[in-house]
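To start, the structure itself, in structure tokens.
Read-outs: derived from the displayed coordinates by stated rules, not from any lab. All figures in this text were calculated on a predicted structure; none of them were measured in a lab. Please note: Cβ atoms are built from the backbone with ideal geometry, for glycine as well, and neighbour counts cover all protein chains shown.
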Amino acid sequence: MHLEYNEKDGCKVVKVLDRRLDAKGAVDFKKKMGEFVEKEADQTFILDISDVDFIDSSGLGAIVSTLKKIGNKGNLVITGPGENVMSMFKLTRMDRVFQIFSSVGEAINSLCS
Amino acid sequence: MENGKIKLRIESKTENVRLAGTSVNAICHMTGFDPETAYQLELCVVEVLNNCILHAYENSPEGKIDIEVIISQKEMTFVITDRGKSFQNFNELFENSRLDFEPDDLAGLPENGLGLYIIKNIMDRVSYRTSDEKNTMVLTKIRGNKHCQRALPT
């Protein structure tokens with residue numbers, strides 16, 4: 001699982017570079033995100049999934065796991081889901097759990113500026 | 001649209017699930033499903049394949065999984081067969097699969113177990129049987145049904 005880490009305007013931005021967030025990559029995603037959020041406590045994390053065109057329940061579960069790991073210490077928001085990925089969030093009602101923005105810029109304007 | 005059948009066989013490895021999934025998506029796309037439905041059908045097949053690897057074959061890479069895609073003007077059917085451990089109480093678990101969490105209850109958010117619920121809400125017909133040491137899951141999507149209008153599993 002390839003992730004790119006950046007900091008913009010006080011927010012930690014993690015971009016998923018792989019096109020698929022599925023069972024094959026979910027374990028590695030969970031591990032890497034877990035290490036990252038543990039290191040960067042009390043922060044707002046922006047997960048940019050604009051390059052992801054397929055997500056399954058394992059991938060979604062790994063994102064949920066990351067949110068739970070952050071807990072009340074911070075926040076994890078989602079940016080850039082395509083139509084297919086968004087349909088998965090809606091189907092599982094995870095669109096009611098996560099704040100979802102159309103872009104990283106929109107998320108930063110809303111949360112971090 | 002011509003009727004047809006396509007058969008795939010994969011070894012029980014997660015990297016093969018991607019190959020099978022993208023093949024299913026391409027078949028759905030080429031046979032007239034819109035992109036979102038093609039993704040959802042790929043998703044259902046992938047969820048079944050993931051379950052086969054994790055539960056039927058207990059992560060052994062030496063299992064074989066057959067995927068048969070049956071194409072017709074009216075519907076698309078996926079017949080997925082493994083030769084591993086049978087899915088106990090499938091009908092009961094399938095029928096009872098639901099989302100049972102509150103969005104703001106962090107501790108109660110599900111990290112796994114959403115596969116059956118996803119399949120239940122996308123596919124129009126779902127059945128599972130075990131016979132001659134083979135486990136077969138049959139998923140059917142009726143063309144034009146954007147949202148699941150599932151009959152009870154047979």
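Excluding B:G108 itself, what net charge comes from residues whose Cβ is under 11 Å from its Cβ, given Lys and Arg +1 and Asp and Glu -1? Don't skip to the end; give the middle numbers.
Numbers: positive: A:K68; negative: B:D100, B:E102, B:D104, B:D105, B:E111.
That works out to -4.
Does region A:39-83 come out rounded, prolate or oblate, given a ≥ b ≥ c as the square roots of the eigenvalues of its C-alpha gyration tensor, rounded meaning a/c under 1.5 and, failing that, prolate meaning a/b above b/c?
oblate
Grab every C-alpha pair in the protein assembly as shown, bin the distances at 10 angstrom width from 0 up to the longest one, and report whole percents.
7, 30, 34, 20, 8, 1, 0
Regarding region A:33-113, what's the average projected area of the Cα-atom convex hull, expressed in nm²?
5.1
Which of the lysines could a cross-linker bridge to B:K13, judged by Cα under 17 Å and excluding same-chain residues fewer than eight apart?
Counting by Cα, and skipping residues close in sequence, B:K13 has these lysines nearby: A:K24, B:K64, B:K85.
With label points built 7 Å along Cα→Cβ from the Cα atoms of B:I142 and B:E36, find their separation and express it in nm.
So the two model labels end up 2.0 nm from each other.
Rounded to whole Hz and in sequence order, give me ³J(HN,Hα) for region B:104-119 from the Karplus expression 6.51 cos²θ - 1.76 cosθ + 1.60, θ = phi - 60°, writing x for Gly and Pro.
Using θ = phi - 60°, the values come out as 9, 9, 4, 5, x, 6, x, 9, 8, x, 8, x, 5, 4, 4, 4 Hz.
Search the structure for amide H atoms under 5 Å from the amide H of A:K8, placed 1.01 Å from N in the peptide plane, and list their residues when 5 or more places away or on another chain.
Those qualifying (amide H under 5 Å, at least 5 residues apart or on another chain) are A:V13.
Compare B:F90, B:F101, B:F78 in a GNM of chain B, Cα atoms joined below 10 Å, and give the one with the largest fluctuation.
Maximum fluctuation in the GNM of chain B, among the listed residues, is at B:F101.
For region A:3-42, what class follows from the C-alpha gyration tensor (a ≥ b ≥ c being the square roots of its eigenvalues): rounded when a/c is under 1.5, otherwise prolate if a/b is larger than b/c, else oblate?
Judged from the Cα gyration tensor, region A:3-42 comes out oblate (a/c at least 1.5, b/c at or above a/b).
Can you tell me the length gained on complete extension of the stretch B:R129 to B:Q88, counting 0.36 nm per residue apart and subtracting the Cα distance?
That pair, B:R129 and B:Q88, stretches by 13.7 nm at full extension.
Once every Cα of region B:59-105 carries one equal point scatterer and solvent is ignored, give the base-10 log of I(q)/I(0) from the Debye formula at q = 0.17, 0.23 Å⁻¹, two decimals.
-0.84, -0.95
On a 23 Å Cα-Cα criterion, which of the cross-link pairs B:K5/B:K74; A:K32/A:K68; B:K7/B:K141; A:K39/A:K73; A:K31/B:K120 come out too long?
Table pairs above 23 Å Cα-Cα are A:K31/B:K120.
Answer with one residue from B:Y39, B:I10, A:L76: the one whose Cα lies farthest towards the positive end of the charge dipole of the protein assembly as shown, charges on Cβ with Lys, Arg +1 and Asp, Glu -1.
Of the candidates, B:I10 comes out farthest on the positive side.
Under a point spin-label approximation (7 Å from Cα along Cα-to-Cβ), what is the A:K39-B:E62 distance to one decimal in nm?
Label-label distance for A:K39 and B:E62, simple model: 4.0 nm.
Using the Cα gyration tensor of region B:32-154, with a ≥ b ≥ c the square roots of its eigenvalues, what is the shape: rounded (a/c below 1.5), prolate (a/b larger than b/c) or oblate (neither)?
It comes out oblate by the Cα gyration axes.
In nm, what is the difference between 0.36 nm times the number of residues separating B:A107 and B:K74 and their Cα-Cα distance?
Full extension from B:A107 to B:K74 adds 7.6 nm.
Which of A:T92, A:T66, A:T79 ends up with the largest GNM mean-square fluctuation for chain A, with Cα atoms connected below 10 Å?
Comparing A:T92, A:T66, A:T79 in the GNM, the peak value goes to A:T92.
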